[in-house]
Amino acid sequence: MKNKTNKILCGLMLAPYTLCAAAQTDNRPNVIYVFPDQLRNCALNFWSQEGFRDNVNFKADPTHTPHIDRFARESVVLTSAQSNFPLSSPHRGSLLTGMYPNRSGVSLNCNSDRPNSYIRESTTCIGDVFSSNGYDCAYIGKLHTDRPERNDPDRPGQYVQDANPVWDAFTPVERRHGFNYWYSYGTFDQHKNPHYWDNKGVKHEPHEWSPIHEAKVAAAYIRNQANVRDTKKPFFMMVAMNPPHSPYRSMDDCMPEDYALYANKPIDSLLIRPNANLHMDKVKSAAYYFASVSGVDRAFGMILDALKEAGLDKNTIVIFSSDHGETMCSQNTDDPKNSPYTEAMNIPFIVRYPGHLTPRVDPLLMSSPDIMPTVLGLAGLGKDIPSTVQGRDYSDLLSHENLKAKRPDAALYIQNVNGEKDAAGKTIDYFPSARGIKTAQYTLAIFIDKKYRVKQTLFFDDQNDPYQQHNLDVNAHKAVYKKLFKRMTQLLKEVDDPWYSKGIVKKLKNK
Ligand code: CA
């Protein structure tokens with residue numbers, strides 16, 4: 001079957017036979033990492049289905065995600081993967097570098113008012129490691145870890161966007177970190193009017209709903225249409241879809257066939273979490289948000305189909321995740337992310353590697369910086385994890401359920417806001433406004449003002465209060481609080497966080 005497929009591929013791309021023959025000699029796995037933006041873990045419908053629902057204490061949203069549901073049954077599925085700093089750029093910075101935001105370079109969401117928040121050229125990223133190990137590397141979709149600069153290929157000396165601040169960015173070759181196939185942008189939220197810059201800096205405006213367009217581009221890359229990749233090499237492809245990110249308010253944002261699944265349904269049948277406030281103005285977004293999730297599911301299905309048709313599904317590691325979640329009217333907040341609530345922090349993490357990973361559900365408390373080393377470990381590149389990486393390689397734990405290896409007992413919660421500004425008003429430093437810890441049982445987050453005084457504490461017993469409806473009184477739960485604070489302090493020390501190095505935890509503890 002494989003030979004036959006390769007011959008077909010050879011015919012399609014008109015490549016010399018020797019090229020395809022050589023392709024069979026490198027048996028290392030391909031890796032595909034698909035991560036839409038703002039897709040909360042509970043938005044995947046399989047969590048309410050047989051085989052999954054007994055592993056979690058929440059109900060899945062009433063979504064239609066048949067492709068991801070099927071994929072999950074073939075995969076190791078994590079219940080408790082966490083986006084430590086649940087905001088676009090900081091998570092992506094950790095994903096690509098394996099470092100926490102204080103080291104990755106991406107301490108705040110990237111825009112032109114924060115010229116210091118971006119991944120530096122000298123940093124070794126996941127693409128750099130795959131590339132130096134002989135992989136063909138593709139990045140498709142939203143990047144949002146680079147600094148907007150006056151480098152528009154079509155308008156030299158100008159930003160790619162006339163806005164203040166500028167959010168979107170063109171990433172030059174020297175900051176693509178090993179990705180030789182490039183079809184990407186910084187951040188841009190017109191879902192049916194997306195744009196991308198290719199390898200050569202040529203801008204493409206396909207006027208198509210972006211996840212479906214990106215799935216077509218990914219499928220073409222898999223099939224090697226137009227000879228876009230070196231088939232002698234295995235490939236590493238990241239596909240970063242923007243929906244279900246906002247806007248989610250009209251048919252400009254999603255596809256009619258997906259919206260039809262949710263249109264005219266009573267709001268209390270869509271927002272079923274008991275912590276949802278059904279009187280918020282945002283409830284109008286629920287149907288569009290879930291429609292976007294279903295559209296992403298279709299797009300992901302297209303990528304899986306292309307992989308199977310190319311005969312590459314058996315030897316390809318496929319991962320589905322997100323950069324953070326979405327509160328969607330839970331917890332009375334308009335902020336969809338950037339909070340310690342489970343809707344924001346808990347992300348999907350589903351890994352399929354036929355013949356290597358036995359499908360199951362696992363409670364591994366994986367953190368954003370753990371993803372890079374774990375993906376490298378799964379691909380057999382554990383020895384090449386850069387020394388700069390702060391995350392852990394959990395590939396052995398994913399491969400062997402009963403392995404007696406040390407499991408993470410906690411994940412950090414991180415929030416930074418703008419800090420010092422220069423004379424021009426640009427933010428040159430960040431202020432670490434909140435830190436916290438998530439364990440299997442608890443979530444604790446402490447918010448401070450600029451004088452390091454506690455502004456707010458969020459403290460939940462996630463096991464007995466899965467929807468985080470009762471903020472625990474610190475004084476009434478002093479022993480648990482102290483234990484969590486101590487563990488958080490150890491973790492902050494380990495990752496060299498400013499809450500430790502600047503003595504903030506010490507100050508808080510002594511109060
Ligand atoms: Ca995001």
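Residues that are touching a strand residue (DSSP E or B) at 6+ places or on another chain (Cβ under 8 Å) and within 16 Å of the ligand (Cβ to nearest atom), at least 1 per element: which helices (runs of 4 or more DSSP H) completely within region 42-130 meet that? Walk me through how you get there before you give the answer.
Working: elements: 66-72, 88-97, 101-104.
The helices (runs of 4 or more DSSP H) meeting that bar are 88-97, 101-104.
Return the pair list, or none, for Cβ contacts closer than 8 Å from residues in region 133-146 that are over 16 Å from Asn27 (Cα atoms) to residues that are surrounded by 24 or more Cβ atoms within 10 Å (Cβ to Cβ) and acidic (Asp, Glu), at least 6 apart or on different chains.
Listed by first residue and then by second, the contacts come to Ile140/Glu214; Gly141/Glu214; Lys142/Asp37.
Go through region 263-290 residue by residue and tally those that are touching a residue at least 40 places away in the same chain (Cβ under 8 Å), surrounded by 18 or more Cβ atoms within 10 Å (Cβ to Cβ) and closer than 19 Å to Asp253 by Cα.
Of the residues in that region, 7 qualify.
I'm checking my understanding of the structure. Among residues of region 68-78 that are touching a residue at least 60 places away in the same chain (Cβ under 8 Å) and surrounded by fewer than 20 Cβ atoms within 10 Å (Cβ to Cβ), which one is farthest from Tyr288 (Cα to Cα)? Steps first, please.
First, pick out the residues of region 68-78 that are touching a residue at least 60 places away in the same chain (Cβ under 8 Å): 68, 71-78.
After this cut, where a residue has to be surrounded by fewer than 20 Cβ atoms within 10 Å (Cβ to Cβ) as well, the list is 73-74.
Values: Arg73: 27, Glu74: 28 Å.
So, considering only residues that are touching a residue at least 60 places away in the same chain (Cβ under 8 Å) and surrounded by fewer than 20 Cβ atoms within 10 Å (Cβ to Cβ), the one farthest from Tyr288 (Cα to Cα) is Glu74.
For (1) touching a strand residue (DSSP E or B) at 6+ places or on another chain (Cβ under 7 Å); (2) modelled with pLDDT of 95 or more; (3) outside the structural domain of Gly105 (by TED's automatic domain parsing), each residue gets a yes or a no:
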| site | (1), (2), (3) |
| --- | --- |
| Val375 | yes, yes, no |
| Leu381 | no, yes, no |
| Asp384 | no, yes, no |
| Thr388 | no, yes, no |
| Tyr394 | no, yes, no |
| Ala405 | no, no, yes |
| Asn416 | yes, yes, yes |
| Glu420 | no, yes, yes |
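Would you mind stating whether Gly355 is surrounded by fewer than 24 Cβ atoms within 10 Å (Cβ to Cβ), touching a residue at least 40 places away in the same chain (Cβ under 8 Å), out of contact with any strand residue (DSSP E or B) (no Cβ under 6 Å at 6 or more places or on another chain) and not β-branched (Val, Ile, Thr)?
Details: surrounded by fewer than 24 Cβ atoms within 10 Å (Cβ to Cβ): yes; touching a residue at least 40 places away in the same chain (Cβ under 8 Å): yes; out of contact with any strand residue (DSSP E or B) (no Cβ under 6 Å at 6 or more places or on another chain): yes; not β-branched (Val, Ile, Thr): yes.
It is true that Gly355 is surrounded by fewer than 24 Cβ atoms within 10 Å (Cβ to Cβ), touching a residue at least 40 places away in the same chain (Cβ under 8 Å), out of contact with any strand residue (DSSP E or B) (no Cβ under 6 Å at 6 or more places or on another chain) and not β-branched (Val, Ile, Thr).
Among the residues of region 305-337, what is the count of those that are within 14 Å of the ligand (Cβ to nearest atom), open to solvent by 30 Å² or more (accessible area, probe 1.4 Å) and touching a strand residue (DSSP E or B) at 6+ places or on another chain (Cβ under 9 Å)?
Summing the residues that are within 14 Å of the ligand (Cβ to nearest atom), open to solvent by 30 Å² or more (accessible area, probe 1.4 Å) and touching a strand residue (DSSP E or B) at 6+ places or on another chain (Cβ under 9 Å) in region 305-337 gives 0.
Has region 440-450 got at least one residue that is free of Cβ contacts under 8 Å to residues at least 40 places away in the same chain and open to solvent by 90 Å² or more (accessible area, probe 1.4 Å)? Full working, then the answer.
Applying the first criterion (free of Cβ contacts under 8 Å to residues at least 40 places away in the same chain) to region 440-450 yields 441, 447, 449-450.
With open to solvent by 90 Å² or more (accessible area, probe 1.4 Å) added as a condition, the list becomes 450.
Yes, because at least one residue in region 440-450 is free of Cβ contacts under 8 Å to residues at least 40 places away in the same chain and open to solvent by 90 Å² or more (accessible area, probe 1.4 Å).
Take Val296 and decide whether it is open to solvent by less than 60 Å² (accessible area, probe 1.4 Å), in a helix (DSSP H, G or I) and within 16 Å of the ligand (Cβ to nearest atom).
Numbers: open to solvent by less than 60 Å² (accessible area, probe 1.4 Å): yes; in a helix (DSSP H, G or I): yes; within 16 Å of the ligand (Cβ to nearest atom): yes.
Yes, satisfied.
The values are calculated or read from the model by the stated rules, or taken from the named source; none is laboratory data. Keep in mind it's a predicted model, so treat the numbers as computed, not measured. Neighbour counts run over all protein chains shown; Cβ positions are idealised from the backbone, glycine included. These accessible areas exclude ligands, DNA and RNA; they are computed on the full protein's heavy atoms, side chains included. Shrake-Rupley method; radii C 1.70, N 1.55, O 1.52, S 1.80 Å.
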